[in-house]
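Here's the structure we're looking at; comments come further down.
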Amino acid sequence: YLIPSLDRSHAGFYRCIVRNRVGALLQRRTEVQVAFMGSFEEGERVQSVSQGDGALIPAPRIRSFPQPQVTWFRDGRKIPPSSRM
């Protein structure tokens, strides 16, 4: 079985059954997972916080497989990961 142009609708479990007059053989399941990266589901946000208060900036929602790695930047510089993230 050949899928010439794979897309997300092809993801799932496949199996083959082979039959002849002697009997039938059933192949074990094969799972097809389709890697993809969607786009940001939200636009630009503005958040105001009073001095001294904490700010929580949630990661944007992005539909993807496998799960994306998220890296934060501030003023063009990468923010190193910490226990606060």
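What the pair-distance distribution of segment 36-85 shows, using all Cα-Cα distances binned every 5 Å from zero, is 4, 13, 20, 25, 24, 8, 3, 1, 0 percent. Across the chain, Cα pairs under 8 Å and at least six residues apart give a relative contact order of 22 percent. For segment 1-54, the direction-averaged projected area of the alpha-carbon convex hull comes to 7.6 nm². When the accessible area of the chain is computed with all protein chains present and a 1.4 Å probe, what percentage of it is carbon and sulfur? That fraction is 52 percent.
Loop-resident GluC sites (Glu not before Pro) (DSSP state other than H, G, I, E or B) in the chain with no more than 16 further Cβ atoms inside 10 Å of their Cβ: E41, E42, E44. Just going by the charge dipole of the chain, with Lys and Arg at +1 and Asp and Glu at -1 on Cβ, which of G23, L56, F36 is farthest out on the positive end? Towards the positive end, the residue furthest out is G23.
Approximating the spin labels as points 7 Å out from Cα along Cα→Cβ, the E44-to-F73 distance works out to 1.5 nm. Here the chain is assigned +1 on the Cβ of each Lys and Arg and -1 on the Cβ of each Asp and Glu. Its dipole about the Cα centre then comes out at about 600 debye.
The values are calculated or read from the model by the stated rules, or taken from the named source; none is laboratory data. Keep in mind that this is a model prediction, so the values were computed, not measured. Neighbour counts are summed over all protein chains in view; Cβ atoms, including those assigned to glycine, are modelled from backbone coordinates with ideal geometry. Surface accessibility is based on the protein's heavy atoms, side chains included, excluding ligands, DNA and RNA. Shrake-Rupley method; radii C 1.70, N 1.55, O 1.52, S 1.80 Å.
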